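Notes follow once the structure below has been shown.
Quick note: the coordinates plus some simple rules give every number you see, no bench work behind them. This structure is a prediction, so every number in the text was calculated from the model and none was measured. Note: ideal-geometry Cβ built from the backbone for every residue, glycine included; neighbour counts use all protein chains shown.
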Amino acid sequence: MVIARWRTASPNARREAVEGYVSLIPWMIGFLAFTIIPIGVSIYVSLTQWTGMEPPRWIGFNNYVRMFTNDPLFWQALKVTLGFVALSLPLKLVLGLGLALLLNLKIPGMNFFRTVFYIPAVISGVAVSLMWMWLLQPDTGVVNTMLYFAGIEGPQWFWDPDWALPSVALMSIWKVGGSAIIYLAGLQNIPAHLYEAAEIDGAGAWARFWRITLPLLTPTLFFQLIIEMIDSFKVFTEAFVITHGGPLKATYFYLLYFYEEAFQNFNLGYASALALVLTVIILLTTIFVNYTSKRWVYYESE
Amino acid sequence: MSQSKRLTVADIQQMSSASAKRFRAKKWARYFAAYAVMTAIAIVFMIPLLWMFSTSLKSRSEIFAWPPSWIPEQPIWSNYAEAFNKYPLGRFMVNSFVLVLGNTMGELVAVPIIAYGFARLNFPFKRVLFVLMLSTMMIPGQIKLIPLYSIYNQLKLTNTYVPLILPSFFGNPFFIFLMVQYIRTIPRDLDEAARIDGAGTWTILYRIVLPLCKPVLAVMIVFTFLWVWNDFLQPLIYLSDFYTYPISVGLAFFQGRYSVEWNMFMAATLVSILPVLVLYFFAQRHLIGGIASLGLKG
């Protein structure tokens with residue numbers, strides 16, 4: 001069909017098509033060289049044993065079998081990562097929305113607060129990690145000092161196996177302004193006349209939130225859920241810089257395990273298998289969330 | 001609140017002066033409550049940065065004093081000079097700037113051409129290719145690291161900036177999408193008028209369309225700066241020579257080596273985020289607009 005259309009196309013249309021493909025050449029080269037080929041190679045390498053020095057040795061599905069049946073570290077890394085997702089994701093979604101609702105109040109000077117709350121989101125993970133390491137020092141840290149004056153004995157934070165993961169979650173909440181800005185854009189797209197109509201009908205603030213704001217915000221919520229989830233699966237810097245996965249592997253995030261296997265132990269085959277499993281987990285959860293979205297995401301056109 | 005704004009002068013005059021006063025008082029009470037809540041949250045959010053600044057000006061004995069004080073007895077500004085002496089911060093920051101520059105160049109060369117093709121030219125399978133391009137954004141980059149690393153390694157390109165800059169010359173899907181959206185808002189009449197005057201496709205791109213794209217190019221440059229400046233995993237993997245480290249890897253390298261000198265260390269960390277903060281304050285309007293329209297984060 002395409003060929004038939006091509007034969008009948010005018011010289012101008014043909015030239016335009018050629019120019020169109022020419023314009024995509026950079027992207028096509030990049031797509032092949034930096035996406036398709038690496039993924040293909042990665043799948044192959046995951047079926048081998050390879051240190052990078054000698055040629056890869058084919059071992060079939062052994063890496064995957066070992067991962068699922070005989071590798072406590074894999075399960076620990078998975079547990080830590082899923083635990084972090086479960087801990088931080090609801091907090092980030094709810095607090096981000098709360099902050100956005102405040103920022104959406106129609107009072108002068110809101111731009112100033114918007115600017116302030118977004119600052120943490122532009123600072124590098126390394127700088128943020130170092131900063132929180134200092135803030136959460138068990139003895140002299142400012143957080144525990146303030147808790148002390150409030151009559152609470154602060155925990156050992158990153159240095160306590162039970163508190164290390166919540167500490168990383170706390171750090172990620174500091175960056176909640178990043179999500180708030182996206183919610184804010186969603187809030188500002190909700191037509192004002194809906195609120196006016198509801199008010200005339202006597203709906204209070206609470207009812208307006210549950211009946212108008214939340215339903216109309218579900219597309220943004222859905223988008224945020226997916227983005228934040230993928231991000232939470234990919235925590236690396238905090239674990240690498242602050243805890244090195246400790247104490248007692250309490251913050252042994254999945255990507256830290258991947259990094260150590262690949263670039264410290266040079267088990268490239270096994271590390272590729274780890275990366276592939278993470279990709280599949282992310283894809284499956286995304287597909288699952290997408291599948292459930294039909295039940296709870298509201299689209300105006302429907 | 002919205003209903004208060006919509007009251008007209010006539011409405012207010014109609015009210016008795018007492019109820020108008022009560023109305024105004026209520027409005028101010030609401031404003032006050034909102035500002036109080038926002039200010040409280042803003043202070044909590046800024047405590048970490050303020051504490052970092054305070055620590056950076058303290059003496060070595062004062063940082064471990066108890067109870068700690070917010071304001072240093074005697075601010076020691078020379079901590080900053082010493083931090084520069086102790087860690088090659090200047091070198092690290094220059095390295096980061098070089099990476100930012102290389103990536104910016106790459107994006108500016110590649111993205112406009114690709115975006116123009118998707119936005120303006122017609123060719124078979126355009127939609128399919130566009131969706132394909134967007135879907136690559138979902139793939140976690142880590143899956144590509146090992147193959148890319150071993151390829152660069154065989155080409156003797158590890159420990160150079162090539163692996164960290166080269167990909168930008170093939171277009172970042174986020175930026176391509178952003179620019180396609182933007183070009184679509186530019187009236188096609190301009191292109192067509194130029195075409196009638198005999199301008200070719202590439203002349204139209206560089207003489208007509210691109211000059212109108214300045215706002216979106218600015219957003220691209222700012223994002224590139226933030227991402228490259230803050231990137232950690234990739235330089236960590238590709239670079240092994242200490243003096244080639246960008247600021248992110250350089251800072252992490254010192255952690256643990258001088259763990260007692262938190263005053264120096266906080267000074268160095270603060271210096272490392274300063275370029276980002278400065279850029280942010282100048283560009284925040286564009287930046288936040290770009291984030292909101294795309295759903296991107298820093």
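Between the C-alpha center of segment A:246-302 and that of segment B:86-117 there is a gap of 29 Å. With neighbours defined as other Cβ atoms within 10 Å of a residue's Cβ, the residues B:LEU108, A:LEU184, B:LEU190 order from fewest to most as B:LEU190, B:LEU108, A:LEU184. Put in line by how crowded their Cβ is, counting other Cβ atoms within 10 Å and starting with the fewest, B:SER240, B:SER56 read B:SER240, B:SER56.
For A:GLN49, the residues 5 or more places off, or on other chains, whose built amide H falls under 5 Å of its own are A:ARG57, A:TRP58, A:ILE59. Taking every residue in B:114-124 and counting other chain Cβ atoms within 10 Å of its Cβ, the average works out to 6. Using C-alpha pairs below 8 Å separated by at least 6 residues, the relative contact order for segment B:80-294 is 36 percent. A crude spin-label estimate for the pair A:LEU194 and B:GLN74, with each label 7 Å from Cα along the Cβ direction, gives 6.2 nm.
Our coupling estimate for segment A:171-185, obtained by passing each phi through the Karplus curve with A = 6.51, B = -1.76, C = 1.60 and θ = phi - 60°, is 4, 5, 5, 4, 8, 5, x, x, 6, 4, 4, 6, 4, 4, 4 Hz, Gly and Pro reported as x.
Rounded to the nearest whole Hz, the Karplus-based 3J(HN,Hα) values (6.51 cos²θ - 1.76 cosθ + 1.60, θ = phi - 60°) of segment B:196-207 follow the sequence 4, 6, x, 6, x, 4, 6, 5, 4, 4, 7, 9, with x at glycine and proline. Per residue of chain A, what 222 nm ellipticity follows from adding -39500 (n - 2.57) for every DSSP H run with n ≥ 4, rounded to the nearest 500? One gets -21500 deg cm²/dmol as the mean residue ellipticity at 222 nm.
For segment A:265-302, chymotrypsin sites (Phe, Trp or Tyr not before Pro) meeting the loop criterion (DSSP other than H, G, I, E, B) and having at most 15 other Cβ atoms within 10 Å: A:PHE266, A:TYR298, A:TYR299. Backbone phi angles across segment A:137-146, fed through the Karplus curve with coefficients 6.51, -1.76 and 1.60 (θ = phi - 60°), yield HN-Hα couplings of 4, x, 8, 10, x, 5, 5, 5, 5, 5 Hz in residue order; Gly and Pro are listed as x. Centroid-to-centroid, using Cα positions, segment A:128-195 and segment A:46-76 are 38 Å apart. Using only the C-alpha atoms, the convex hull of chain A corresponds to 246 Å³ per residue. When the Cα positions of B:TYR206, B:PHE23, B:PHE170 are compared along the charge dipole of chain B, B:PHE23 comes out farthest toward the positive end, with charges on each C-beta of Lys, Arg, Asp and Glu. Of the trypsin sites (Lys or Arg not before Pro) found in segment A:198-237, not one falls in a DSSP loop while having at most 11 other beta-carbon atoms within 10 Å.
Estimated from the Cβ-Cβ distance and a Förster radius of 30 angstrom, the FRET efficiency linking A:TYR64 and A:LEU248 is about 0.65.
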